[in-house]
Amino acid sequence: MTAKIKDMISSEELFKEETTVEQIANLLIEKKGIEKNSKSSSSISTILGNWVKDGLLESRKAGNINYCKFRKSK
């Protein structure tokens, strides 16, 4: 799943603007043929959470939706 998301980062311009798990899931279904289910959504959330912890992305939460985008360079 990580490789599929990384593959779409430049082609779909992911994370330049705020991106949600739902948006990524929809792109994976459309572009990569991934089946949408609770396991795939959980995997996407875990991957994004790890990237936030690693400092690659920044996130904010609005209600029950997490938004992620690339961390700005200092």
| Can you name the residue in the range 20-61 that is open to solvent by 30 Å² or more (accessible area, probe 1.4 Å) and of a type in the set (Ser, Thr, Tyr) and is also farthest from Lys4 (Cα to Cα) among such residues? | Ser59
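Condition check ((1) touching an Asp or Glu at 6+ places or on another chain (Cβ under 8 Å); (2) among the hydroxyl-bearing types (Ser, Thr, Tyr); (3) farther than 17 Å from Ile9 by Cβ) across all residues:
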residue: Asn37; (1), (2), (3): no, no, yes
residue: Ser43; (1), (2), (3): no, yes, no
residue: Trp51; (1), (2), (3): no, no, no
residue: Asp54; (1), (2), (3): no, no, no
residue: Lys69; (1), (2), (3): yes, no, no
| query | With respect to Glu17, is the statement that it is touching a residue at least 12 places away in the same chain (Cβ under 8 Å) and either under 9 Å from the mean Cα position of the chain (by Cα) or open to solvent by less than 70 Å² (accessible area, probe 1.4 Å) (or both) true? | reply | no
| note | For the range 48-60, pairs from a residue that is touching a residue at least 12 places away in the same chain (Cβ under 8 Å) and outside any loop (DSSP other than H, G, I, E, B) to a residue that is exposed (fewer than 13 other Cβ atoms within 10 Å of the Cβ) and of a type outside the set (A, V, I, L, M), with Cβ under 8 Å and 6 or more apart or across chains, are Glu58/Lys72
| query | Between residues in the range 34-47 that are closer than 16 Å to Tyr67 by Cα and residues that are not in a helix (DSSP H, G or I), which pairs lie under 6 Å by C-beta distance while being six or more apart or on different chains? | reply | Ser43/Met1
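The values are calculated or read from the model by the stated rules, or taken from the named source; none is laboratory data. Everything quoted here is computed from the prediction, not taken from an experiment. When we count neighbours, we look across all protein chains shown, and the Cβ atoms used for this are built from the backbone with ideal geometry, even at glycine. To get the accessible areas, we keep the full protein, side chains included, count just its heavy atoms, and leave off ligands, DNA and RNA. Shrake-Rupley method; radii C 1.70, N 1.55, O 1.52, S 1.80 Å.
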